[in-house]
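What follows is a single structure, written as structure tokens, with notes after it.
The values are calculated or read from the model by the stated rules, or taken from the named source; none is laboratory data. Here the structure is a predicted model, which means the values were calculated and not measured. We place every Cβ from the backbone using ideal geometry, glycine too, and count neighbours over all the protein chains shown.
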Amino acid sequence: MVGSVPLVWVLTLAAGLFCIGLFGALSRRNIVGMLMGIELMLNSVNINLVAFWRYLQPTGTAGLIFAIFTIAVAAAEVAVGLAMVIAIYRARLTINADEIDTLKG
Amino acid sequence: MNPIAIGVFIVIALLTLGSGIMVVTVRNIIHSALWLIASFIGVAALYLLMEAEFLAVVQILVYAGAVSILVLFAIMLTRQVTGEGVRVVFERWWVALLIALGLFGVIVPTLWKHGATWEEAAKLAQVGPTPVDGAANSLQVATATEIGRSFMGEYLLPFEVVSVLLLMALIGAVVIAYEERTRRRRVLTLAEELALKKRGIVEPRDAEGAVVPREAEGKVILLDSEQA
């Protein structure tokens, strides 16, 4: 893999996945859809971390450890986020972001 | 140059990006979640290709296993009656598209500008330590054992902090989603929800959208007689 596929290809893949996730997070009305976009973005960040580890510092562990921390934080984020989605749904019977506008001026 | 590795990489990249695009474009949110699992599996395959076996397994367990199930549960608990004409994206979704494409257009040229430098550094990094007995020069990629050693040594404090974070997230999720018994109400079935919407108790999201299936119509009468 390392001898054949240049690092830039992997980083371009990660950039593409990040932009797809960004589009999903910004465009979806459904809050769960937004969270799915954020998950895609976090995944692309992990691809970057692992790629830089494998290509530039394969004998160390810093990149892998950082990726594992990202996964742990993402898991915590999605758990709290979905709990909030369920609480919002209970209070307002909708999970469309543009209908939850109590704070709108 | 190994053409098989290049081919495998391209297949995995297409799988990951293709399912990623499906996640953000399909109308049905459950299909979207299923495509998300495909995308996660593609990323795990990429980790395997990059010899990060431990991370690939973690990716399958945490993302494809736990996170996707959590997302599916959240979708099913917050089920909405979305018909054909209901919008799934914001009115100005093209702004989001412009932002995403613009960011891609900024990142990629920057990456390719520095590509040659990184290739040089990568070539240097792939050389293992000089063998003492004149054996083949082999590179030892960090394994799960070394990850464990790092966690218990160099990264002990962050490791503990993350464990506290996970505990807080666990308690926080329970507290946020908890509902007191006195305020707890029965979860409406899909038919009852449709019936309420039809009678205008909850305003329908889109007048053209809500298609009332025949079974639901039958239960509308049942619900009415129940309340009478």
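Things to note:
- Test: residue A:14 is more than 7 Å from chain B (Cβ to nearest Cβ), surrounded by fewer than 21 Cβ atoms within 10 Å (Cβ to Cβ) and either closer than 15 Å to residue B:20 by Cβ or free of Cβ contacts under 8 Å to residues at least 24 places away in the same chain (or both): no
- Exactly one residue among B:64, B:5 is facing chain A (nearest Cβ under 7 Å) and at pLDDT below 95, and that residue is B:5.
- Note on region B:5-59: residues that are in a loop (DSSP other than H, G, I, E, B) and surrounded by fewer than 20 Cβ atoms within 10 Å (Cβ to Cβ) amount to 4.
- Taking every residue in region B:100-128 that is modelled with pLDDT under 90 and of a type in the set (A, V, I, L, M) and pairing it with any residue that is in a helix (DSSP H, G or I) and surrounded by 12 or more Cβ atoms within 10 Å (Cβ to Cβ), at least 6 positions away or on another chain, the pairs with Cβ-Cβ distances below 7 Å are B:121/A:56; B:122/A:7; B:122/A:55; B:122/A:56; B:125/A:55; B:125/A:56.
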